[in-house]
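Below: one structure, written as structure tokens.
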């Protein structure tokens, strides 16, 4: 059963599907929400038209859902930094006959903006979540004006307290075990990053807002442990990657089912920000950590071209194989079944 604080979340089961840009759309979110959890739409890499189409599908279902955005500071393009990065990538750029002059200079991802808020206002999604902090106070107020619940990710207690002070209704405690991008935003020091349970306990003890636990959660026992520790719900991403409704590509699926799937690393080589991925050429030969990587998300421009070229010849060398540490819980089943499994109400 949920505790009283959880009733802020419009869900029957304590499972929030992590928004995962590039590997899912409304298909997965609809399946999770229909099963009683909270499905999420990852807006970070969607055009306005794509986002509107996805929200229209969710809205037509009558189900609760979450829309997620990034709140990073747009980078300044520094040509010398990009030149150093392209030089580091030159063995592979040359291999695939990719000229650095053809690599785009514009950021591939934009932070939440007034235009995004205008689009959201047409649909009034019940939950809006953020990564890398929160947008400006007036934009937060607009979401709350239509009754939207505001959530955001914290990777330290300091970030959690900052979010609650700035108006977050719910804080997502993202432990170090989580796959994909770290939500870190008040510091660049990875030594501050805590395991999920330790961060959860610190947040529950010091904040009044509901806390959602995230990172390395893939079994019903882990879900229950988080709830017993005071979490209002859990956020799960990696565990859904092999589900029928996920758009995870064949390279990513194959990696998740491989013997080496449990080898994950925090790396900055795919985008310029720390994120957890399984091993491939990019992680092991360029990273895991590079001192010449340009600011987020500029690193991804060259990496995106390398990914496309490598995948065209059947290689995952530059594919971001996002994964949390607990990827053995993945299963090729419908997402609704996974929701019930995680919540301990799996079909008999």
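Looking across the stretch 269-282, the residues that are surrounded by 23 or more Cβ atoms within 10 Å (Cβ to Cβ), out of contact with any helix residue (DSSP H, G or I) (no Cβ under 6 Å at 6 or more places or on another chain) and under 21 Å from residue 191 (Cβ atoms) come down to 273, 276. So for the stretch 173-191 (the condition being free of Cβ contacts under 8 Å to residues at least 60 places away in the same chain and assigned to a helix (DSSP H, G or I)), does at least one residue qualify? Yes, the conditions are met somewhere in the stretch 173-191. The lone criterion from (1) modelled with pLDDT under 95; (2) surrounded by fewer than 16 Cβ atoms within 10 Å (Cβ to Cβ) left unmet by residue 44 is number (2).
Per this entry, residue 16 is counted among residues that are buried (at least 19 other Cβ atoms within 10 Å of the Cβ) and either modelled with pLDDT of 95 or more or within 30 Å of residue 299 (Cβ to Cβ) (or both).
Could you look through the stretch 135-151, keep only residues that are touching a residue at least 60 places away in the same chain (Cβ under 8 Å) and within 13 Å of residue 209 (Cβ to Cβ), and pick out the one that is surrounded by the fewest Cβ atoms within 10 Å (Cβ to Cβ)?
Looking only at the stretch 135-151, we keep the residues that are touching a residue at least 60 places away in the same chain (Cβ under 8 Å), and these are 135, 149, 151.
Subsequent filtering for residues that are within 13 Å of residue 209 (Cβ to Cβ) retains 149, 151.
Values: 149: 21, 151: 27.
Restricting to residues being touching a residue at least 60 places away in the same chain (Cβ under 8 Å) and within 13 Å of residue 209 (Cβ to Cβ), the top hit is 149.
Identification of helices (runs of 4 or more DSSP H) wholly contained in the stretch 208-312 with 2 or more residues that are over 19 Å from the mean Cα position of the chain (by Cα) and outside the structural domain of residue 129 (by TED's automatic domain parsing) yields 299-312. On inspection, residue 234 fails the criterion of being within 21 Å of residue 149 (Cβ to Cβ), surrounded by fewer than 23 Cβ atoms within 10 Å (Cβ to Cβ) and modelled with pLDDT of 95 or more. Tell me, please, whether a residue that is under 21 Å from the mean Cα position of the chain (by Cα) and crowded, with 17+ Cβ neighbours inside 10 Å can be found in the stretch 83-96. There is no residue in the stretch 83-96 that is under 21 Å from the mean Cα position of the chain (by Cα) and crowded, with 17+ Cβ neighbours inside 10 Å. Could you list, in sequence order, all residues of the stretch 152-172 that are surrounded by fewer than 22 Cβ atoms within 10 Å (Cβ to Cβ), on the phi < 0 side of the Ramachandran plot and without any contact (Cβ under 8 Å) to a residue 40 or more places away in the chain? Those that are surrounded by fewer than 22 Cβ atoms within 10 Å (Cβ to Cβ), on the phi < 0 side of the Ramachandran plot and without any contact (Cβ under 8 Å) to a residue 40 or more places away in the chain: 158, 162, 165, 166.
The values are calculated or read from the model by the stated rules, or taken from the named source; none is laboratory data. Predicted model only: the values in this text are computed from it and were never measured. Methodologically, a virtual Cβ is constructed for each residue, glycine included, from the backbone with ideal geometry; neighbour enumeration extends over all protein chains shown.
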